[in-house]
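Each remark here refers to the structure printed beneath this line.
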Amino acid sequence: MAHALRDTAAISGIGETAYTRGTAKSGLALQLEASLAAIADAGLGPRDIDGIIPYFPGGGIAEDFVANLGLPDLALSAFIPMGGATCVAALQTAAMAVATGVCKNVLISVGRTGYSGARVSTRLQQFPQFALAAEFEAPIGMFAPAQLYAQGARRHMQLYGTTPRHFAEVAVTTRNHAILNGNVVMNKPLTVEDHHASRMISDPFRLFDCSLESDGGAAVIVSASDRAKSLNKPLVTIMGVAEGHPESPASIAQRPDLLEFGLVKAARRGYEMAGVAPKDMDVAEIYDCFTFTVIRQLEILGFCKTGEGGPFVMDGRIGLGGELPINTHGGLLSQGHVVGLNHVIELTRQLRGEAGKAQVKDAEMGLVTGYGDMGDGSLAILRRAA
Amino acid sequence: MSTTTAPAAPAAPERPMPVPTRESKPYWDGLREGRFMLQHCAACGKVRHYPRPVCPHCFSMASSFKEAPRGGTVHTWTVCHHPFNFFFKPQAPYIVALVDMDAGVRVNAQLHGVAEKDLKIGQRVKLAFEPITAEITLPFFTPS
């Protein structure tokens, strides 16, 4: 029997601001600008929103949305404290809310001044989930995600022979896709040589293995599928969705297997809910805080076996026209860092047939992942309704 | 579109320091005294790190700290070049090794006295103590 949540909720609206490095706007203003765009895209009015899941910390909270949009009867205000896994995990909470009738239209949104406002070291100290890293690792000189995640990447390289050439392929492919998009921070071509020549950040991560610090806002609206049918756009439903939390969730150091992300659990449940397999995906938007993170998630998602992620990304396989085009918008590596809500937006565009020059031909089904907060994971499988 | 520039790096960086909690105080007290102390469950005897109130194996809240052996093997590492906290700029690049301690837990600490090209998984190292203040001593590794 099909899962009760399968296809009952839909992505009814999507919206983005310009992605930039430098802005005079606040994170809240960016978030509201993107939210208004998503509301208009859905064919709704601001007062139709009755559920709010903002990315936190940073940007606005439900109170800000009530104040700015005059929401008459907010029925749900929730945070999903999962770092980079938040936005896709929020789809699960939103889907539950609209499927049960608690809400009609849930707004998920991000507004961030990651370049012009508080940057990485300041931002992380706001997360209670980083308390262990702050106590035991920051004092020895290890605190930023680039450092904490580098040890897992290094272990993968030592165990399986994954190389910087594989990392570079992810960076270059993602950049090629970004150039097609237009609304991106990084719009100049990148070569493998550029990648290898970029400065070392935390071995094995070089500058071009790392995602951007950028300014921008993004928003998505989730509505019940039967309601969303009458809205503006082609219907894109949430076929499967799940979040997953790894062992030792607040300390990578103490995790029995550093490479067992929360996505291991989320993928199992997400595929099961959708009733589909990796081979059914026409396109995949993979959370790309680092190039290696993409490689490992492709393994976890079952596109290849553990240890084969490096070779898998080669030979054009993950580029447009390849077997599995990924991050067709330019991702966090080249488009902008709005904690992966841009990945949800891009997958929706692909399935609507609105992806412009980066359109995957006849894309009907795809997946999007989230990864963050020391290894939490999330997966959503979306499809265009027949 | 108007733009603003990114904030400058802090002028006088301070070392980030641990703030021992009620759970972790015996660990930090141990390091200050030159002893590697780990939390053990008083009911089932299993070791756990980082310190926390409940044993995840048997759910007992009774525990005690015991001195543990200081040897271990390298599980993985990173070499930190970019000083995300500018306190560490003079030290960069520095190696942070994640070590499987013989005691059954992992410790992340800087590894001194090993060249980057000689690093390998499984290499034997030993935990040592570096006093930072009167209260706080941090661990580091040396080749054993």
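Below are the figures for this structure:
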| quantity | calculated |
| --- | --- |
| Kyte-Doolittle at least -0.5, axis length at least 18 Å by Cα - qualifying DSSP helices, chain A | A:27-42, A:86-99, A:164-181 |
| Selected from A:S109, A:S225, A:S35 as most flexible by GNM, with chain A as the system and alpha-carbon contacts under 10 Å | A:S225 |
| Normalised convex hull volume, the stretch B:69-144, alpha-carbon set, Å³ per residue | 101 |
| Proximal aspartates and glutamates to A:K104, defined as alpha-carbon separation beneath 17 angstrom and excluding residues fewer than eight positions away on the same chain | A:D7, A:D41, A:D48, A:D50, A:D73, A:D226 |
| Hits among lysines - C-alpha to C-alpha of B:K46 under 23 Å, sequence gap 8 or more where chains match | B:K25, B:K66, B:K126 |
| Residue of A:E364, A:E213, A:E193 that the Gaussian network model of chain A assigns the largest fluctuation, springs spanning Cα pairs under 10 Å | A:E193 |
| Derived scalar couplings ³J(HN,Hα) [the stretch A:206-222; Karplus, 6.51 cos²θ - 1.76 cosθ + 1.60; whole Hz; x for Gly, Pro] | 8, 3, 7, 8, 9, 6, 7, 9, 9, 10, x, x, 8, 8, 9, 10, 10 |
| Selected from A:A4, A:T369, A:A242, residue furthest toward positive end of dipole (chain A; charges at beta carbon) | A:T369 |
| Among A:A40, A:N187, A:L69 the positive-end extreme of the charge dipole of chain A (Cβ point charges) | A:N187 |
| Rg/Rg_ref, the protein assembly as shown, where Rg_ref = 2.2 N^0.38 Å and atoms are Cα | 0.97 |
| Mean residue ellipticity (222 nm) of chain A, computed from DSSP H runs ≥ 4 via -39,500 (n - 2.57), nearest 500 | -9500 deg cm²/dmol |
| Area projected by the alpha carbon convex hull of the stretch A:214-322, averaged over all directions, nm² | 9.6 |
| Anchor B:K89: aspartates and glutamates whose Cα lies under 12 Å away (excluding residues fewer than 8 positions away in-chain) | B:E14 |
| Length added when fully stretched, B:A43-B:F86, from 0.36 nm per residue minus Cα-Cα | 11.1 nm |
| Cut-off under 5 Å, modelled amide H: who pairs with B:L138 long-range | B:E130, B:I132 |
| Part-to-part distance (alpha-carbon centres) for the stretch B:52-106 and the stretch A:316-363, which is given in Å | 38 |
| Computed FRET value (nearest 0.05) for A:D280 with A:K361, which takes r as the C-beta separation and R₀ as 22 Å | 0.85 |
| MRE, 222 nm, helices only [DSSP H, n ≥ 4, -39500 (n - 2.57), over chain B, to nearest 500] | -1500 deg cm²/dmol |
| Inter-chain Cβ neighbour average for residues A:253-265, partner chain, 10 Å | 2 |
| Most mobile listed residue (A:V98, A:V338, A:V220) in chain A, GNM with C-alpha springs under 10 Å | A:V98 |
| 11 Å beta-carbon shell around B:V99, net charge (K/R +1, D/E -1) | +2 |
| Cysteines, the protein assembly as shown, no other Cys beta-carbon under 4.7 Å | A:C87, A:C103, A:C210, A:C289, A:C304, B:C80 |
| Under 10 Å, Cβ to Cβ, from B:A68 - net charge with Lys/Arg +1 and Asp/Glu -1 | +1 |
| Pairwise label distance in nanometres, B:E23 with A:T306, each label 7 Å out on the Cα-Cβ vector | 2.7 |
| Distance-filtered residues of the stretch B:46-81 - backbone nitrogen under 20 Å, label point 7 angstrom along A:M200 Cα→Cβ | B:74-81 |
| 10 Å Cβ neighbours from other chains, averaged over peptide A:131-138 | 6 |
| Computed P(r) (all Cα pairs; the stretch B:23-68; 10 Å bins; percent) | 32, 54, 14, 0 |
| Contour excess over end-to-end distance, with Cα ends at A:H3 and A:T191 and 0.36 nm allotted per residue | 63.2 nm |
| Trypsin sites (Lys or Arg not before Pro) within the stretch A:320-369, DSSP loop, no more than 14 other Cβ atoms inside 10 Å | A:K361 |
| The stretch B:23-68: relative contact order as a whole-number percent, Cα under 8 Å and 6+ apart | 41 |
| Inter-probe distance in nm under a simple model that places probes 7 Å from Cα toward Cβ, at A:T100 and A:T163 | 5.2 |
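All of the numbers you see were taken from the coordinates with simple rules; none came from a lab. Because the structure is predicted, anything quoted here is derived from the model rather than measured. Using ideal geometry, Cβ is built from the backbone for each residue, glycine included, and neighbour counts are taken over all protein chains shown.
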